[in-house]
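The block underneath contains the structure these notes are about, expressed in structure tokens.
The values are calculated or read from the model by the stated rules, or taken from the named source; none is laboratory data. Just so it is clear, the model here is predicted, and its values are computed rather than measured. Positions of Cβ are generated from backbone atoms using ideal geometry, with glycine treated the same way; all protein chains shown enter the neighbour counts. Note: areas computed on protein heavy atoms with side chains; ligands, DNA, RNA excluded. Shrake-Rupley method; radii C 1.70, N 1.55, O 1.52, S 1.80 Å.
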Amino acid sequence: MEQKKRLYLLDTIRGMAILGMFLIHINYDLPTMLGIDPEYTYSFGYHVFGQLVRGTFIFLSGYCAFMGKKTLKRGLIVSAAGLAITASTVLAGIMTKGGFIPIYFGVLTLIGASMLLSVPFRKIVNKKNAPVFFFACLLCFFLTIHMYAGYAGIYGHPLFYYPDFLYKAKNPVLAMVTAFIGFPNATFQSSDYFPLMPWFFLFMSGFSLYGWIGEKINSLKIMKIRIEPVTFLGRYSLWVYLIHQPVFLVILWIISLFIKK
């Protein structure tokens with residue numbers, strides 16, 4: 001996208017989501033690095049905040065995937081970044097002798113996989129059927145949001161329960177596959193878990209929204225709004241996401257040295 005045509009509002013919203021993820025990840029690091037476990041992280045409001053941050057990031061990724069012209073290439077790059085994070089956290093878990101739970105199927109893995117899976121839909125979703133895709137994907141998202149817990153429903157209200165065998169894979173490879181889909185077994189653990197379901201449906205709702213009215217939205221003057229340095233963070237969100245956790249851990253480690261003294 002040329003500089004003069006860049007839709008800065010998308011970068012700005014993405015940057016705000018990145019700032020939200022900063023807060024979430026710092027709160028996750030505090031107990032391990034400093035022994036501080038903020039009580040507010042267990043509140044309903046904080047849970048809602050976390051869902052909004054994650055949802056915004058994923059929804060916007062879907063919107064931009066339809067708008068972009070190199071979805072396949074970008075999907076491979078983001079997937080590789082997700083794999084790199086998994087590998088580094090597995091190594092961290094080994095070095096700390098289990099003191100750090102690795103990240104399996106984190107948000108970058110989810111977004112990369114969703115980009116790749118969305119490629120065929122570029123020829124399927126059009127202005128006529130995009131509204132159907134949009135509302136259908138939103139409905140599927142809300143119905144599967146508790147799938148990891150064994151049931152389909154909307155915010156704590158089960159409509160039906162999934163078969164138990166889907167959550168009892170014993171083969172390590174099969175267990176990883178089912179966890180990636182959204183059926184984790186009892187032994188599965190991940191510091192950051194974003195299975196395909198429900199999150200792929202949210203990604204595709206953003207994807208479908210662009211196919212429906214994206215061109216009209218992008219023509220609005222509001223799309224030129226930028227708030228630096230938030231817009232900068234959103235523009236380079238992948239790189240920011242990759243480096244922020246190591247930076248936070250180093251800073252907290254340095255602080256811990258002074259606290260111990």
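Restricting the first member to the range 126-140 and to residues that are closer than 16 Å to residue 63 by Cα and in contact (Cβ under 8 Å) with a residue 24 or more places away in the chain, and the second to residues that are open to solvent by 60 Å² or more (accessible area, probe 1.4 Å) and assigned to a helix (DSSP H, G or I), the beta-carbon pairs closer than 6 Å and six or more apart or on different chains are 130/212; 131/212; 134/212.
Please go through the range 84-126 and give me each residue that is closer than 16 Å to residue 204 by Cβ and outside any helix (DSSP H, G or I), ordered by number. Matches in the range 84-126: 124, 125, 126.
Yes/no matrix, rows are residues, columns are (1) in contact with a Ser or Thr (Cβ under 9 Å, 6 or more places away or on another chain); (2) crowded, with 20+ Cβ neighbours inside 10 Å; (3) among the aromatic types (Phe, Trp, Tyr); (4) at pLDDT below 90:
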{"position": "3", "(1), (2), (3), (4)": "no, no, no, yes"}
{"position": "15", "(1), (2), (3), (4)": "yes, yes, no, no"}
{"position": "20", "(1), (2), (3), (4)": "yes, no, no, no"}
{"position": "33", "(1), (2), (3), (4)": "yes, no, no, yes"}
{"position": "51", "(1), (2), (3), (4)": "no, no, no, yes"}
{"position": "88", "(1), (2), (3), (4)": "no, no, no, yes"}
{"position": "92", "(1), (2), (3), (4)": "no, no, no, yes"}
{"position": "95", "(1), (2), (3), (4)": "no, no, no, yes"}
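For the range 110-153, a residue qualifies if it is among the aromatic types (Phe, Trp, Tyr) and touching a strand residue (DSSP E or B) at 6+ places or on another chain (Cβ under 8 Å), and exactly one does: 151. Number of residues in the range 1-54 that are among the acidic types (Asp, Glu), part of a helix (DSSP H, G or I) and without any contact (Cβ under 8 Å) to a residue 60 or more places away in the chain equals 1. Mind checking which residues of the range 202-240 are under 13 Å from the mean Cα position of the chain (by Cα), under 19 Å from residue 50 (Cβ atoms) and surrounded by fewer than 23 Cβ atoms within 10 Å (Cβ to Cβ)? Listed by number, the list holds a single entry, 237. Entry remark, the range 144-174: residues being out of contact with any helix residue (DSSP H, G or I) (no Cβ under 6 Å at 6 or more places or on another chain), open to solvent by less than 50 Å² (accessible area, probe 1.4 Å) and aliphatic (A, V, I, L, M) number 1 in total. Apart from one condition, residue 101 fits all of (1) open to solvent by 30 Å² or more (accessible area, probe 1.4 Å); (2) in contact (Cβ under 8 Å) with a residue 40 or more places away in the chain; (3) under 15 Å from residue 242 (Cα atoms); the exception is (3).
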